[in-house]
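Inspection log for the structure reproduced underneath, given as structure tokens.
Where a number appears in this text, it was derived from the coordinates with a stated rule and is not lab data. All values derive from a computational prediction rather than experimental measurement. When we count neighbours, we look across all protein chains shown, and the Cβ atoms used for this are built from the backbone with ideal geometry, even at glycine.
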Amino acid sequence: MFGILPAWGLYVRHAKDLAFRDIKFSFGKEDTRPVVVLDDVAGAEFKNFKTQHGGGAPTFVLRKVSDFSVGDSSSIPDQQLAEVEQKAL
């Protein structure tokens, strides 16, 4: 219906106040897309987030995201970002 999505794990667009805890993403066949793409999101928290990576792709791609935080992740250090226009983590 939507064609190929920009992320292999999670793609969220036009949303607010998201909370993801104790999540693990893995793939059966290697994928070089980012794991998570957030587009126009206000408030996103990721805690205890574990994932596989393919081909050096980033874990997160953020576009027009505010109030983002990630902690206890297997792939990137803990961080909080107030406002992001475009960033790959």
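Would you please put 72-84, 51-63 in order of how densely packed they are, using the mean number of other Cβ atoms within 10 angstrom per residue and starting with the highest?
Output ranking for 72-84, 51-63: 51-63, 72-84.
Can you work out the Karplus-derived ³J(HN,Hα) for every residue in region 10-17? Use 6.51 cos²θ - 1.76 cosθ + 1.60 with θ = phi - 60°, whole Hz, and x for glycine or proline.
The phi angles translate into 8, 10, 10, 9, 6, 9, 8, 6 Hz.
Give the label of the value calculated from the structure for Cα extents along the principal axes in Å, choosing from (1) 34, 31, 20; (2) 38, 32, 22; (3) 51, 25, 22.
Answer label, from the structure shown: (1).
Quick one: net charge around Ala19, please, counting Lys, Arg +1 and Asp, Glu -1 for every other residue with C-beta under 10 Å from its C-beta.
0
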